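Enquirer: What follows is a structure written as structure tokens; I'll ask about it next.
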Amino acid sequence: MIPVMSEQTPSRDGELVASARGGDARAREELGHRVGRSAFVFAMQLTRDHEAALDVAQDSVLKFFKNLDRFDASRPIEPWLYQITRNRARDLSRRERLRRHESLDDWIEQGRPEHPGDSANAAAEVERAELRSRIWEAVSLMSDHHREVFVLRDFNGLSYREIAEVLSIPQGTVMSRLHAARTKLRALLSDETDDRRAHDVNPDQERRQQ
């Protein structure tokens, strides 16, 4: 999975950060646009609430620039930014009580967003949109710990080491939580599929069974 900010190399990140620290307005604007978009996408994945995600992203960008002098410009931006965003989302959740192998890999792959025009036809896109909705409904039922690991790995493409850094947990914990999250998602999607099949029984077949 390709991270939101992957089009930028670490060296380019370092150049932008260095220029922004030196007062370069254009560098700060470019950096602000990038981190703002990435923070919003990650916040949406965590909260599934547009207004809450906007609040989290705005707070995260402010904190990002407030602490820019402390950032190690030789390292990638994403882990640090996602750590800030995750903490801001948790803060907001506490304040406002926001609670909002196998076939799983296929579900995840099919449910990932596409760029406009990538779908072969409108019907296929409607089907994919429905699947994405089912996946995110299932993700919203996960605990915070499992949802965080899942979206960082499967939708933002961070490594186990980077996720461990973002969440301040051992890599072994990252792997165990990810396994549990995928198992939970697989079960939820399978249960929903079974329910749909049960409701879609052919009327003639139903009469024959009576």
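The values are calculated or read from the model by the stated rules, or taken from the named source; none is laboratory data. None of the values given here were measured: they were computed from a predicted structure. Neighbour counts are summed over all protein chains in view; Cβ atoms, including those assigned to glycine, are modelled from backbone coordinates with ideal geometry.
Enquirer: Taking Asn121 as the residue in question, decide whether it is outside the structural domain of Gly32 (by TED's automatic domain parsing) and modelled with pLDDT under 85.
Expert: The answer is yes for Asn121.
Enquirer: Let me ask something else about it. May I ask you to list the residues in the stretch 41-65 that are in contact with a helix residue (DSSP H, G or I) (Cβ under 7 Å, 6 or more places away or on another chain), charged (D, E, K, R), part of a helix (DSSP H, G or I) and more than 28 Å from Ser19 (Cβ to Cβ)?
Expert: If the condition is that a residue be in contact with a helix residue (DSSP H, G or I) (Cβ under 7 Å, 6 or more places away or on another chain), charged (D, E, K, R), part of a helix (DSSP H, G or I) and more than 28 Å from Ser19 (Cβ to Cβ), then Asp55 is the only one that fits.
Enquirer: Kindly evaluate Glu206 against the criterion of being modelled with pLDDT of 85 or more and out of contact with any Cys (no Cβ under 9 Å at 6 or more places or on another chain).
Expert: no
Enquirer: Oh, and also: Name the single residue that is surrounded by the fewest Cβ atoms within 10 Å (Cβ to Cβ) among those in the stretch 5-38 being part of a helix (DSSP H, G or I) and at pLDDT below 85.
Expert: Checking each candidate, the answer is Ser11.
Enquirer: Can you tell me which residue among Met142, Met175 is under 18 Å from the mean Cα position of the chain (by Cα) and either outside any helix (DSSP H, G or I) or hydroxyl-bearing (Ser, Thr, Tyr) (or both)?
Expert: One residue alone meets the criteria, Met142.
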